[in-house]
Amino acid sequence: MERSAVPTGLDLVVAQWARERPDLDVSPMRVFGGLARANRLMEQRLDTAFVRHGLDSASFDVLATLLRSGAPYRLTAGQLQRSAMITSSAVAQRLNRLESRGLVARSQNPDDARATDVTLTDEGHAVISAALPDHVANEHRLLRGLSPRQRSDLAELLAALTNALQADEPSDMEPSPRRTR
């Protein structure tokens with residue numbers, strides 16, 4: 001992949017660090033800074049499609065997970081939690097909001113009294129079915145600056161980075177404070 005000839009803010013940051021600390025290879029800042037900036041911009045722009053349907057990204061995630069699970073569009077709260085990789089309290093908060101709007105219904109799982117089933121209601125199905133095409137079109141629009149090959153390369157690189165990060169989860173290291181640039 002070819003780098004842009006136009007310097008970015010990250011290029012300036014890396015150049016400044018190279019001047020002040022030439023003993024450090026700060027090139028990873030270009031990657032992590034680029035990911036962070038791209039993520040912020042993507043989240044802002046993805047939210048525009050959600051808002052048109054009265055949703056936020058968290059609500060969309062739950063409704064989309066239920067829809068793609070297939071009929072009867074029911075999962076346990078634990079399955080939703082694992083799918084979204086969030087805490088059980090975060091799932092509960094999302095479900096409370098969605099249930100109060102009539103988009104999901106909760107019931108006791110007939111096979112496991114400790115589990116709660118979450119079912120997409122007809123209204124929830126209608127909302128997510130209307131929001132999904134807008135969301136996908138928005139994603140296509142956001143990626144229009146990349147060729148199909150670049151999209152494929154980026155997806156593969158992100159998968160490789162994710163796999164490497166998951167394999168490198170430190171078990172004996174203490175959490176470090178949040179870094180600033």
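The values are calculated or read from the model by the stated rules, or taken from the named source; none is laboratory data. Please read these numbers as outputs of a predicted model, since none were measured by experiment. Here the Cβ positions follow ideal geometry from the backbone for every residue, glycine too, while neighbour counts run over all protein chains shown.
Considering every residue within segment 87-108, establish whether at least one is under 24 Å from residue 137 (Cβ atoms), in contact with an Asp or Glu (Cβ under 7 Å, 6 or more places away or on another chain) and in contact (Cβ under 8 Å) with a residue 40 or more places away in the chain.
yes
Whether any residue in segment 46-65 is over 18 Å from the mean Cα position of the chain (by Cα) and over 22 Å from residue 123 (Cα atoms) is what I want to check. Can you show your working first?
Quick first cut of segment 46-65, residues over 18 Å from the mean Cα position of the chain (by Cα) only: 52-54.
Going one step further and asking which of them are over 22 Å from residue 123 (Cα atoms), we end up with none.
Within segment 46-65 (the criterion being over 18 Å from the mean Cα position of the chain (by Cα) and over 22 Å from residue 123 (Cα atoms)), the answer is no, since none of the residues qualifies.
Would you confirm whether or not segment 62-76 contains a residue that is more than 24 Å from residue 133 (Cβ to Cβ) and modelled with pLDDT under 95?
Checked segment 62-76: at least one residue is more than 24 Å from residue 133 (Cβ to Cβ) and modelled with pLDDT under 95.
State whether one or more residues within segment 115-137 are more than 19 Å from residue 61 (Cα to Cα), over 18 Å from the mean Cα position of the chain (by Cα) and at pLDDT below 90.
yes
Before we move on, is residue 38 in a helix (DSSP H, G or I) and within 25 Å of residue 156 (Cβ to Cβ)?
So residue 38 fits the description; yes.
From the set of residues in segment 66-86 that are more than 15 Å from the chain's Cα centre (by Cα) and free of Cβ contacts under 8 Å to residues at least 40 places away in the same chain, which is nearest to residue 44 (Cα to Cα)? Show your work before the answer.
If we filter segment 66-86 for residues that are more than 15 Å from the chain's Cα centre (by Cα), which is where we start, we get 66-79.
Narrowing the set further to residues that are free of Cβ contacts under 8 Å to residues at least 40 places away in the same chain leaves 68-71, 78-79.
On the way: 68: 24, 69: 27, 70: 29, 71: 31, 78: 28, 79: 27 Å.
The residue in question is 68.
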